[in-house]
1. Charges on Cβ only, +1 for Lys and Arg, -1 for Asp and Glu, centred on the Cα centroid of the stretch 149-203; of F158, G169, T184, which one is farthest towards the dipole's positive end?
2. Beyond 18 Å, what share of the Cα-Cα pairs of the stretch 1-152 remains, rounded to the nearest whole percent?
3. If you take the beta carbon distance between R250 and T88 as r and set R0 to 45 Å, what does 1/(1 + (r/R0)^6) give as a FRET efficiency, to the nearest 0.05?
4. Distance between the C-alpha centers of the stretch 225-249 and the stretch 135-212? Whole Å please.
5. For the chain, what is the largest minus smallest coordinate of the Cα atoms on each principal axis, given in angstrom and ordered from greatest to least?
6. Tell me the chymotrypsin sites (Phe, Trp or Tyr not before Pro) within the stretch 257-328 that lie in a loop according to DSSP and have at most 14 other beta-carbon atoms within 10 Å.
7. Taking 56 Å as R0, compute the FRET efficiency from the Cβ-Cβ separation of K55 and T326 and round it to 0.05.
8. Compute the length gained on full extension between K165 and E143: take 0.36 nm times their separation in residues and subtract their Cα-Cα distance, giving the result in nm to one decimal.
Amino acid sequence: MTNLIDGVSRIEIPTPFPVGSVNCYLIEGTPLTLIDTGPKTSKSLATLQKALQDKSYDFSDIEQILLTHGHIDHIGLAAQFVRARLQTHGNPTEVWIHQKDASAVVNYDRYAERYLEFYTELITSSGVPKNEFPMLPPKGLIEYFKSLVESVPTARSFNDGAVFKTGIGEVSAIWVPGHSSGSTCYVCDEKEVIFSGDFILGDISSNPSISFDRNEKIGMLTYLESLDRLSSRDNYSALPGHREPIIGIRSRIEVLRAEYDDKLRRAAQSLTRNHQTIYELSRIIYGAYDVNSLTLALAESSDLLKILESRNQARLVKQDGVVYATGL
Ligand SMILES: [Zn+2]
């Protein structure tokens, strides 16, 4: 556990995913608050328990959990707190999430089924050759995901601009869709700090294209628009969902924008007059990525091509369920 600012500590929780550990933040004072929880694995549970014990707390002491978004590695353990507090104090921990991601917490199994549809469609429409198929079949993958989350039927949802009391002052919820539909940054103006979840990360992409519930809008464009929502606070620091704190987010946002411009350029350059599948183009844009990055590379490539199509730089046609792209 690392002390970051007075009253805020970071707890690094292991995850079974390539991203490595996830950051949860304990905000001391009243109400005792946790930002995100880690996935439901015995290793994560033990790490979280030990970190709280070191501060002389146990699970039942946490009064409020603010979730940055509805992904496994951030929500999986929330139910444990609710149960512990209900048993000890007779009232459950309050668990909060933006309404667009609420279904992930309230009923994760249903949410996972929707992810399965997105995932299957992505693999199929991208023309992935059989010998490159992911090791876990989609059904197996979803069952595995489900095992890492316990739903919280009593979770409560909020809209953009909701304000929460914490031990370091009020934090306001800024809705920043892109990484997921309900991604939220919790902003503490008093401390000039942003709990940014996976919306802004220090040295890795936020993967906005993987958000599957976006109603026809291109995930990457939604994400870039959301970056504008923090422009009035771009001198603030961010405490992200993975890796190290970001001191002053302005330069990070500039780098992120430049990275997307660069990816778009590479995507445009990879197009020819011949039909190419999204899979084939992803191999040109992202090179020799491994199987763990397949979904990500396909989802991003798909978004890049849709953006180029909207700018009249690409033509996309679907034949027998597979999308083919050509340059114009
Ligand atoms: Zn995430």
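Rule-based calculations on the coordinates, nothing more; no lab input. A quick note: this is a predicted structure, and the numbers were derived from the prediction, not measured. Heads up, the Cβs are rebuilt from the backbone with ideal geometry, glycines too, and the neighbour counts pull from every protein chain shown.
1. After comparing all options, I get F158.
2. Details: 6851 of 11476 pairs.
Tail fraction, whole percent: 60.
3. On the way: r = 44 Å, r/R0 = 0.97.
E(calc), rounded to 0.05, equals 0.55.
4. Cα centroid of the stretch 225-249 versus Cα centroid of the stretch 135-212: 14 Å apart.
5. 65, 42, 31
6. Within the stretch 257-328, the qualifying chymotrypsin sites (Phe, Trp or Tyr not before Pro) (loop, at most 14 other Cβ atoms within 10 Å) are Y289.
7. Numbers: r = 58 Å, r/R0 = 1.04.
Given R0 = 56 Å and the Cβ-Cβ separation, E is 0.45.
8. Details: separation 22, 0.36 × 22 = 7.92 nm, distance 3.66 nm.
Going from the current span to full extension adds 4.3 nm.
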